[in-house]
1. In whole Å, what are the extents of the stretch 129-286 along the principal axes defined by its C-alpha atoms, from largest to smallest?
2. Starting from 0.36 nm per residue, how many nanometres of slack lie between residue 264 and residue 354 once their C-alpha separation is accounted for?
3. Quickly rank 451-459, 432-440 as a protection proxy: mean count of other C-beta atoms within 10 Å, highest first.
4. What fraction, in whole percent, of alpha-carbon pairs in the stretch 247-391 exceed 19 Å separation?
5. For the pair residue 311/residue 435, report the inter-label distance in nm, with labels modelled 7 Å from Cα in the Cβ direction.
6. For the stretch 243-282, what mean projected area does the convex hull of the alpha carbons give, in nm²?
7. Provide the FRET efficiency to the nearest 0.05 for the residue 233-residue 383 pair, computing r from the beta carbons and using R0 = 45 Å.
8. Return the distance in nm (one decimal) between the two label points of a simple spin-label model at residue 462 and residue 222, each offset 7 Å from Cα along Cα→Cβ.
Ligand code: HEM
Ligand SMILES: Nc1nc2c(c(=O)[nH]1)N[C@H]1C(S)=C(S)[C@@H](COP(=O)(O)O)O[C@H]1N2
Ligand SMILES: [Mo]
């Protein structure tokens, strides 16, 4: 797995070719993980799920109680709304970290219908009143509990397959995926689901979780975080993301893949491959490849195992055609058609005839990026042989490479350095790395970024990434991780904690 936010919290995606090689079902160890903070240590025996609010009889359920209820089990593609964010970050840094195109995975989930549990609690329905089902996780985050909510109408319709899941790929959940229980909302972004679920509350109001409002939004491109807060648009209901949008990406050719052309027979074919997914249960009806910047499109073959998948077939019901899973696609093209091709791009279509935009629209959270996925094709000569090498837009996390990565532009590190220089008095104190390393605890926590020493102690509590993210690096040089994770705003904020320079003989590499 490629780690995206340093040592902690754990956020990771599989390398895209490896993910697709697994086929339709993603093995649990390769399923992407998105954790806002530490994973709580919970046990099946002692965990309780509380159901309360506008219900006749509140429930306090054990995991055995829940596992004894009728269950359903089906495959589902989960996607983080930040999938493909690194492409947005290459346009302008957003307030999110560098997801590549593999914040998407397809596992088999097992659980009890949420409707069933709400009916056990005697939910009080009132068609004249709004009703939301609110969810609370038990993970401890800097801004309170993780949670979200759904309108009741969506939850009570069995066609939507909304479950409280305790099984994944035939086993209990793993800690990273929400053990012992989480919500699963097919057709929605992963961020609306709640792992480590502790409470379900029936309310006449939406969730009041910080993350329900401040995460998983697409704001208009002119808004940065400051203006969004000043104009209070985080609460604008138009900008919240619930359902997924259409997306697709190319896995083969992989980034940096080479084909030596002169060795190959004239009629050799190359198979371009990738994935596509839709939101809201829509079917993927078409995937197309362009070799000429979208002037003409070639129809790819779709691979859609979902309707025939034994668990899906066995349910024997598909009142509405619903597709909760990704579509793989492939297209064999004569190799020679790549010789004069500069770019391979892909777009998918759903059953409502919606498709993906050609170009990205930057937004401050870098979410729902679904422009055509474009792979550049470069000719090269090696040992007097002619070949092609492929370049994806980016590589996840800190992995270098990608045509969107500005090669000549000053590095992000340099910016930190400049800003810190302006605030650094000329007679700045200097510290050796061994001195810095003594400030390694919650009461006294120093870090080094780009040869500057910062005392982060007073910021631990307020840190949006949680205190552990900093503490785990206390007394060390975190230049690379820090630069990779943070926005320009965060980098500027660093100056408030400046205490001196790293002694020159021990300077870390820029
Ligand atoms: C005094 C030093 C630090 C400051 C001022 C700071 C500031 C911030 C800010 C403002 C954010 C919100 C997102 C953004 O604007 O980029 C953030 C998120 C984050 N920070 Fe820091 N940070 C500091 C140190 C660190 C260190 C040393 C690490 C670990 C290497 C770290 C890891 C993270 C992570 C993982 C997130 C994102 C959490 C998530 O989205 O799940 N931070 N930080
Ligand atoms: N309690 C809790 N639930 C959570 C999160 C979290 O950090 N804490 N992250 C959310 C996000 S943004 C996503 S995309 C999915 C990821 O689920 P996964 O890690 O099992 O892939 O969980 C969601 N539920
Ligand atoms: Mo997410």
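1. 68, 45, 32
2. Details: separation 90, 0.36 × 90 = 32.40 nm, distance 3.89 nm.
The residue 264-residue 354 span can extend by a further 28.5 nm.
3. Numbers: 451-459: 19.8, 432-440: 15.4.
The packing order, highest mean first, is 451-459, 432-440.
4. On the way: 5959 of 10440 pairs.
Percentage above 19 Å: 57.
5. 5.8 nm
6. Details: hull surface 16.0 nm².
Over every viewing direction, the Cα hull of the stretch 243-282 projects on average to 4.0 nm².
7. On the way: r = 57 Å, r/R0 = 1.27.
According to the calculation, E is roughly 0.20.
8. The two pseudo-label positions are separated by 3.0 nm.
Here, each number is a calculation from the coordinates, and none is a lab measurement. Keep in mind that this is a model prediction, so the values were computed, not measured. As a convention, Cβ positions derive from the backbone with ideal geometry for all residues, glycine included, and neighbour counts pool all protein chains shown.
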